[in-house]
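All remarks here apply to the structure that follows.
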Amino acid sequence: MKAKYFKSSLLFAAVAMLFTACDSDRDDNPTLGPNHTASSFVVNTSAVADQYIQLTPDNTVNLTWTQPNYGVNTVVNYKIQVGLKENGAEKWGDYLETGTTACNVNLSGEEIAKVLCKLDGFKTEDDYMDMGFREVIMRVAASIKTTTSQLIEGTEILSNVVSFKHMAAYCMVPTKGTLFVIGSCCGWPEPSGSNKQTLLDGGWFIEETEIGSGLYKGVIEMPAGDLTFRFYSKLTGWGSDDAPEGSIGQQAKDEAKEYTLPHSGPCMPGKGSWSFPGFAGGKLDITVDLKNNNVKFVLL
């Protein structure tokens, strides 16, 4: 049988029929009891699980699942782990950067390929070898977090494992991460791949200090005026409150809050922007720590 290669996220749309409705809204402020363990939840088998899937920087893979029952009406946080199945054994890699509070997510081919390259031990582009089509496995971790994005102990559970029988990576060796600054300072350009070079040329970004450190630092010359901004770890669109799509802010909800400089405080996946009314202009020293979920802004 002739292999078919899928290189467009549109070809994964068929899995939309598998969507399981879930409601992440809550109208109260529930208190969790001493036992936070939820019932099991199920990731659905993808409609393209048996197809030949060539990952690219532009395509996506869709996952959907049922919502675990924690016994209270609360927002559930999900993260996705990627691995390989070799000779019947499971070999797990890192969790993807993309997380969500919805019961479905479109995972970028770039993120998946990055994890697979790390699993294969490739440290530089010169190390890379094409490993062909292999069985790639995924599972979802569910948990409940505080309003400052801290894991509530005892709430994390794992789903079942689903397989993509024929999936191929490409050379996506880990490098230092980049956080793009999107806001009034640069005219609120859409965080899309077509604007990447403009953002780089304008200096609207900060870089990770070391690969995998999660610590980002940089100094950006900010214009005078009412300054409002947030960060994006990837350029795949604006995202939403439930699916931030790489957006990092001071809260999940798309709402700006006013602060004064210097400022230190929490950050999390979300669209809540930082706002500094009447900013005088000048060099802003920015630190974003995604391991500990905090930021620091100092005017030099």
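The values are calculated or read from the model by the stated rules, or taken from the named source; none is laboratory data. Everything numeric in this text was worked out from a predicted model, so none of it was measured. A quick note on method: Cβ atoms are made from the backbone with ideal geometry, for glycine too, and the neighbour counts reach across all protein chains shown. Calculation scope for accessible area: heavy atoms of the full protein, side chains included, ligands and nucleic acids excluded. Shrake-Rupley method; radii C 1.70, N 1.55, O 1.52, S 1.80 Å.
Would you list the strands (runs of 3 or more DSSP E) that sit entirely within segment 56-114 and hold 2 or more residues that are within 20 Å of Lys291 (Cα to Cα)? Talk me through it step by step, then tell me what you get.
Values: elements: 60-64, 77-86, 89-100, 104-108.
Fully inside segment 56-114 and qualifying: 77-86, 89-100.
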Exercise. Restricted to segment 199-213, and to residues that are in a loop (DSSP other than H, G, I, E, B) and not small (Gly, Ala, Ser), which residue is nearest to the chain's Cα centre (by Cα)?
Worked result: Ile211
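What number of residues within segment 160-197 are of a type in the set (Gly, Ala, Ser) and more than 25 Å from Gly214 (Cβ to Cβ)? Full working, then the answer.
Of segment 160-197, the ones of a type in the set (Gly, Ala, Ser) are 163, 168-169, 177, 183-184, 187, 192-194.
Then drop every residue that is not more than 25 Å from Gly214 (Cβ to Cβ), which leaves 163, 168, 184, 187, 194.
Counting residues in segment 160-197 that are of a type in the set (Gly, Ala, Ser) and more than 25 Å from Gly214 (Cβ to Cβ) gives 5.
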For this session: Would you mind finding the one in Asp130, Asp126, Asp201 that is out of contact with any Asp or Glu (no Cβ under 9 Å at 6 or more places or on another chain), within 30 Å of Val298 (Cα to Cα) and acidic (Asp, Glu)?
Result: Asp201
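Yes/no matrix, rows are residues, columns are (1) among the aliphatic types (A, V, I, L, M); (2) over 26 Å from Asp241 (Cβ atoms):
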site: Ile80; (1), (2): yes, no
site: Lys85; (1), (2): no, yes
site: Gly88; (1), (2): no, yes
site: Asp94; (1), (2): no, no
site: Ser108; (1), (2): no, no
site: Met129; (1), (2): yes, yes
site: Met138; (1), (2): yes, no
site: Ala142; (1), (2): yes, no
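Kindly establish whether Gln197 is in contact (Cβ under 8 Å) with a residue 60 or more places away in the chain, polar (S, T, N, Q) and closer than 30 Å to Pro277 by Cα. Before the answer, list the steps.
Details: in contact (Cβ under 8 Å) with a residue 60 or more places away in the chain: no; polar (S, T, N, Q): yes; closer than 30 Å to Pro277 by Cα: yes.
No, not satisfied.
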Exercise. Which members of segment 128-173 meet the condition of being open to solvent by 60 Å² or more (accessible area, probe 1.4 Å), at pLDDT below 95 and part of a strand (DSSP E or B)?
Worked result: Lys145, Leu151, Leu158
Exercise. If a residue has to be farther than 26 Å from Ser192 by Cα and buried (at least 21 other Cβ atoms within 10 Å of the Cβ) to count, how many in segment 49-69 make the cut?
Worked result: 2
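Taking into account only those residues within segment 80-96 that are buried (at least 18 other Cβ atoms within 10 Å of the Cβ), under 19 Å from Ser233 (Cβ atoms) and not polar (S, T, N, Q), which is modelled with the lowest pLDDT? Break it down stepwise before answering.
Here is the first cut: in segment 80-96, the ones buried (at least 18 other Cβ atoms within 10 Å of the Cβ) are 80-84, 93, 96.
Still in the list and also under 19 Å from Ser233 (Cβ atoms): 80-82, 93, 96.
So of that shortlist, the ones also not polar (S, T, N, Q) come out as 80, 82, 93, 96.
On the way: Ile80: 96, Val82: 97, Gly93: 95, Leu96: 92.
Among those residues, the one meeting the criterion is Leu96.
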Exercise. Mind checking which residues of segment 114-139 are in contact (Cβ under 8 Å) with a residue 12 or more places away in the chain, farther than 16 Å from Ile211 by Cβ and among the aliphatic types (A, V, I, L, M)?
Worked result: Leu116, Met131, Val136, Ile137, Met138
For this session: Check Leu290, Leu200, Leu215 and return the single one that is over 22 Å from Gln150 (Cβ atoms) and of a type in the set (A, V, I, L, M, F, W, C).
Result: Leu200
Exercise. Is at least one residue of segment 238-248 open to solvent by 60 Å² or more (accessible area, probe 1.4 Å) and at pLDDT 90 or above?
Worked result: yes
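Here is a list: Asp226, Asp285. Which entry is touching a strand residue (DSSP E or B) at 6+ places or on another chain (Cβ under 8 Å), within 27 Å of Thr175 (Cβ to Cβ), part of a strand (DSSP E or B) and not hydrophobic (A, V, I, L, M, F, W, C)? Outline the logic, then answer.
Values: Asp226 fails: within 27 Å of Thr175 (Cβ to Cβ).
Among Asp226, Asp285, only Asp285 is touching a strand residue (DSSP E or B) at 6+ places or on another chain (Cβ under 8 Å), within 27 Å of Thr175 (Cβ to Cβ), part of a strand (DSSP E or B) and not hydrophobic (A, V, I, L, M, F, W, C).
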